[in-house]
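The values are calculated or read from the model by the stated rules, or taken from the named source; none is laboratory data. In this text the structure is predicted, and so the values were computed from the model without any measurement. Here Cβ is always computed from backbone atoms with ideal geometry, including for glycine, and neighbour counts include all displayed protein chains.
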Amino acid sequence: MTVAKIIKPRYTNNENAFYPQKEGENMSAPVTYSSDSIVTIERHILEEQKTYPEATGVLTSLLYDIALVGKYIASRISRAGLVDILGATSSINVQGEVVMRLDELADETIIRLNQHTGRLAVMASEEHPDIIPIPEQYPTGKYVLLFDPLDGSSNIDVNAPVGTIFSIYRRISEEGPGTLSDCLQPGKNMVAGGYILFGTSTMLVYTSGNGTHGFTLDPMLGEFLLSHPNIQIPSKPKYYSVNQGYDIYWSEGVRKFTEYLQGKDGQIKPLSSRYIGSLVGDFHRTLLTGGIFYYPADKKDPKRPTGKLRLLYEAAPLAFVMAQAGGYASDGHQDILEIVPHDLHQRVPLFIGNRELVEKAEEFIRTYDT
Ligand code: AHM
Ligand code: MG
């Protein structure tokens, strides 16, 4: 069993994170467990909450709900090869039932698990053009949930990993139904963020501003168990990860940066390359092995000159997880967590991983592209 010792992260770049903590207030003692402890995600979240006496428990319950989302989607994905689950939207299966694609199923599941709890003011999903209000018959709460229900879902048909990405903010509006402004907050306001990776095993990785922690689903128990306490990105980078098939569409700075990673300019030894094309999988590997993932701005599609990934549903939550693990995320010019969104589906270039590499990318972009 892993020694489940939680240590405070080396630095927290998010002063607003998680339970309220005023400047100058003493940080609580880190949560630690004895070496033979088996720690469920419920226990871990509760222990974290206990270190903040002023916490009301609402966020704790919300994080439980996310874990439940993970278990539910995992159970459906593991059956994805079955003929009645795969298939086009709204096709009819042999029983005459309407078949829903897994990304739609995940989206609907998250909404149905969260709309009635009274914890949320509003939600927004990569799958919906507008905000998702809480139905009138349910009470509203103080948090805002943003999510990409099943990122990389085109990978399901080839049995490659996919993931759910989520972030939680405090509402800005006073009361009643949540608003678009509640959803358009910069990543530095995030209270908690993370992802669920559906790969060879199902993992939930999250941060609430007190380190990045990973839990692996034991499918027999139906529980997420703490397997990766206080993740820190290794200081020695191993892989770079980018869709190099698009390099003809890149700027000179991004191309030169890639040559730098390949050791072509003689500054470093070449890094090995890995790219699944499934963000959560590529990010998770980068987090655990060190290196950089990037999806730069490109000229491939004139409608999206800032690259493919979404600020609110993809870049910002992963940036928070990475920052809490000692890494950094940038759009090539500035910290992703500083960007104030103006649109729910705004896209951004993303460079994320070891700080030195991300800052190197910024340097190349500054030198060659501006
Ligand atoms: P999606 O949100 O439509 O699933 O697209 C996002 C996915 C990411 O998982 C991945 O990083 C990227 O698209 C891959 O794109 P590309 O095929 O252009 O490399
Ligand atoms: Mg996505």
Pull up region 137-186, narrow it to residues that are away from ligand 1 (no atom under 16 Å from the Cβ) and of a type in the set (G, A, S), then point me to the one that is surrounded by the fewest Cβ atoms within 10 Å (Cβ to Cβ). G176
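Answer yes or no as to whether V69 is at pLDDT 80 or above, outside any helix (DSSP H, G or I), hydrophobic (A, V, I, L, M, F, W, C) and surrounded by 14 or more Cβ atoms within 10 Å (Cβ to Cβ).
Values: at pLDDT 80 or above: yes; outside any helix (DSSP H, G or I): no; hydrophobic (A, V, I, L, M, F, W, C): yes; surrounded by 14 or more Cβ atoms within 10 Å (Cβ to Cβ): yes.
No.
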Within region 195-239, can you find the residues that are at positive phi and touching a Ser or Thr at 6+ places or on another chain (Cβ under 8 Å)? G209, N230
Looking only at region 186-204, decide whether some residue is away from ligand 2 (no atom under 16 Å from the Cβ) and aromatic (F, W, Y). no
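Taking into account only those residues within region 111-138 that are part of a loop (DSSP other than H, G, I, E, B) and either touching a Lys or Arg at 6+ places or on another chain (Cβ under 9 Å) or within 16 Å of ligand 2 (Cβ to nearest atom) (or both), which is farthest from A192 (Cα to Cα)?
Going through region 111-138, the residues part of a loop (DSSP other than H, G, I, E, B) turn out to be 115-119, 126-131, 134-138.
Subset that is either touching a Lys or Arg at 6+ places or on another chain (Cβ under 9 Å) or within 16 Å of ligand 2 (Cβ to nearest atom) (or both): 119, 126-129.
Details: R119: 14, E126: 18, E127: 21, H128: 21, P129: 23 Å.
So the residue we want is P129.
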Inspect all residues belonging to region 234-246 and state whether any of them is in a loop (DSSP other than H, G, I, E, B), in contact with a helix residue (DSSP H, G or I) (Cβ under 6 Å, 6 or more places away or on another chain), at pLDDT 95 or above and within 13 Å of ligand 1 (Cβ to nearest atom). no
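Sort through G214, G277, G253 and tell me the only one that's within 16 Å of ligand 2 (Cβ to nearest atom) and either touching a residue at least 40 places away in the same chain (Cβ under 8 Å) or not in a loop (DSSP other than H, G, I, E, B) (or both). Don't jump to the end; show me each part of the working.
Values: G214 fails: within 16 Å of ligand 2 (Cβ to nearest atom); G253 fails: within 16 Å of ligand 2 (Cβ to nearest atom).
That would be G277, the only listed residue that is within 16 Å of ligand 2 (Cβ to nearest atom) and either touching a residue at least 40 places away in the same chain (Cβ under 8 Å) or not in a loop (DSSP other than H, G, I, E, B) (or both).
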Collect the residues in region 308-358 that are assigned to a loop (DSSP other than H, G, I, E, B) and within 16 Å of ligand 2 (Cβ to nearest atom), keeping them in residue-number order. K308, L309, P341, D343, L344, H345, Q346, V348, P349
Suppose we keep only residues that are surrounded by 21 or more Cβ atoms within 10 Å (Cβ to Cβ) and part of a loop (DSSP other than H, G, I, E, B) within region 291-307. Which one would you say is nearest to ligand 1 (Cβ to nearest atom)? G307
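For region 229-263, how many residues meet the condition of being under 17 Å from Y368 (Cα atoms) and touching a Pro at 6+ places or on another chain (Cβ under 8 Å)?
Counting residues in region 229-263 that are under 17 Å from Y368 (Cα atoms) and touching a Pro at 6+ places or on another chain (Cβ under 8 Å) gives 4.
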